[in-house]
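First the structure, in the form of structure tokens, and then the observations on it.
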Amino acid sequence: MVIWEHDHPYRRSSRDFAPYSNSTLAFCKALPKVELNAHLNGTVRDSTIKELAGALMLNGKPMSLARLVHLTQQTSPSIGECFQLFDILHSLTTDHDALRRIAREALEDFAADNVVYAELRTTPKCRPDRGITKESYMEAVLAGVDDYFASSNAEDITVRLLLSIGRGQSQQEMLDTVQLALRLRDRGVVGVDLTGNPTAGEWEDWQEALDLARDNGLKVTLEAGEMLNPEETRAMLDWGPDRLGHCCCLTPELQRLLLSSGIPLEVCLTSNVVTRSVLNLKEHEFATLYKRGHPVVLCTADSGILNTSLSREYAIAAYAFGLTDRQLLRLAMEALDFSFLDDIERISVQQRMQTVLACAGLEYSTAAEVDRSDRGSMSLPQELSTVEEEVKSRQRVSVGGERGLGRRRSWSMFGRPSSG
């Protein structure tokens with residue numbers, strides 16, 4: 001688990017804007033979960049940053065995530081400038097050994113949170129001064145995943161990778177990333193995503209690379225609508241990616257287009273509040289989209305930096321939007337439908353999710369048996385700033401137990417060529 005300094009500004013942030021109960025969090029942790037928006041460098045632990053920074057000082061004090069965040073908050077009044085934090089992080093983490101460690105630790109933390117499937121995304125970087133090419137960058141990430149599955153016979157999570165195209169990159173850099181993703185398809189890379197500072201670049205800058213990815217069978221997800229940009233968001237919707245991320249700044253017309261598109265949406269509640277895409281959760285698009293039956297999946301985006309977890313994101317949603325246990329369970333189980341796994345692999349993970357549920361004393365009906373009126377029954381709290389007493393009784397579930405039951409070697413599903 002990630003241990004934070006007492007002064008970390010995000011240490012209690014989720015409780016501040018959505019004061020969920022401990023019993024809700026325990027229930028959410030017991031659920032088998034699917035993570036579809038996780039930036040590798042954003043998962044970094046505070047302790048890892050301190051070790052990587054070594055004697056490096058920030059404003060006269062030792063480097064830590066807490067001080068990085070404080071610096072960013074003091075100098076970053078806009079969402080675009082919040083991305084300065086990632087520039088500093090990347091200067092520390094763009095190192096072969098660091099990448100290998102961060103990848104391994106990310107899977108450790110996700111598995112500890114009962115995440116059974118994760119799609120990690122990362123932007124391959126070329127740093128000749130450090131002897132790093134895009135290829136060697138990815139080899140380090142893949143080695144970190146190998147390390148996780150080689151340790152303690154870990155078999156409790158399946159992982160796939162997305163290579164990220166940075167909005168501020170040159171067209172050649174983007175095309176190179178897509179070509180690398182194509183070469184690594186038999187190593188666990190299933191797609192690409194568009195990410196980065198939402199104030200950078202224009203749709204025309206990225207479309208060629210995205211077309212190349214889609215035309216060659218890669219899945220594509222686009223991070224969109226983190227700030228209001230109707231022209232760009234409409235172009236993304238018209239292009240029709242396999243998934244979208246965020247989409248929390250929409251005009252009524254864009255909301256209508258999103259609903260009619262049926263494109264699954266990666267929802268990152270904590271990220272959207274912390275980066276000021278929304279002022280509070282009462283203004284978040286999730287409420288409308290969920291109630292209207294749009295496909296949504298809860299995600300963390302940057303679990304390490306934001307001091308959150310996927311269980312916490314479920315608990316936040318439960319409090320902020322009045323979701324029941326049954327609705328939370330359905331959200332968790334349906335999330336796998338929006339993954340980039342093929343049908344055979346998806347069935348395997350579904351079986352593991354059912355096993356985890358059985359160990360927790362929970363059951364989930366098939367889609368045909370689920371009451372589709374569930375989504376319309378949610379209720380929004382009057383105030384999100386006041387802690388409410390827990391009045392609903394729930395069946396207590398164990399968050400421990402034999403999670404390993406029915407597990408399998410997930411990394412072997414990557415199709416990695418065997419040695420020899």
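The values are calculated or read from the model by the stated rules, or taken from the named source; none is laboratory data. Computed from a predicted structure; not experimentally measured. Methodologically, a virtual Cβ is constructed for each residue, glycine included, from the backbone with ideal geometry; neighbour enumeration extends over all protein chains shown.
Just one of the numbered conditions (1) at pLDDT below 95; (2) in a loop (DSSP other than H, G, I, E, B); (3) not β-branched (Val, Ile, Thr) is not true of Asn272: (2). Being touching a helix residue (DSSP H, G or I) at 6+ places or on another chain (Cβ under 8 Å), under 19 Å from Leu36 (Cα atoms) and modelled with pLDDT of 95 or more holds for only one residue in Ala209, Ala235, Ala224, and it is Ala224. Checked across the stretch 170-177, the condition of being surrounded by fewer than 19 Cβ atoms within 10 Å (Cβ to Cβ), touching a residue at least 60 places away in the same chain (Cβ under 8 Å) and out of contact with any helix residue (DSSP H, G or I) (no Cβ under 6 Å at 6 or more places or on another chain) holds for no residue. Selection of the stretch 128-173 for residues being under 21 Å from Lys33 (Cα atoms) and under 20 Å from the mean Cα position of the chain (by Cα) yields Val145, Tyr148, Asp156, Ile157, Thr158, Val159, Arg160, Leu161, Leu162.
With the requirement that a residue be crowded, with 21+ Cβ neighbours inside 10 Å and closer than 24 Å to Leu254 by Cβ, what does the stretch 207-218 give you? Can you show your working first?
In the first step, residues of the stretch 207-218 are kept if they are crowded, with 21+ Cβ neighbours inside 10 Å; the result is 209-210, 213, 218.
Across the stretch 207-218, the qualifying residues are Ala209, Leu210, Ala213.
Is it the case that the stretch 308-326 has a residue that's within 12 Å of the chain's Cα centre (by Cα), buried (at least 24 other Cβ atoms within 10 Å of the Cβ), part of a helix (DSSP H, G or I) and acidic (Asp, Glu)? Yes, that holds for at least one residue.
Here is the figure for the stretch 248-266: residues that are of a type outside the set (Val, Ile, Thr), free of Cβ contacts under 8 Å to residues at least 60 places away in the same chain, touching a helix residue (DSSP H, G or I) at 6+ places or on another chain (Cβ under 6 Å) and assigned to a loop (DSSP other than H, G, I, E, B) total 1. Pro295 meets each of the listed conditions (1) under 22 Å from Thr324 (Cβ atoms); (2) crowded, with 21+ Cβ neighbours inside 10 Å apart from (2).
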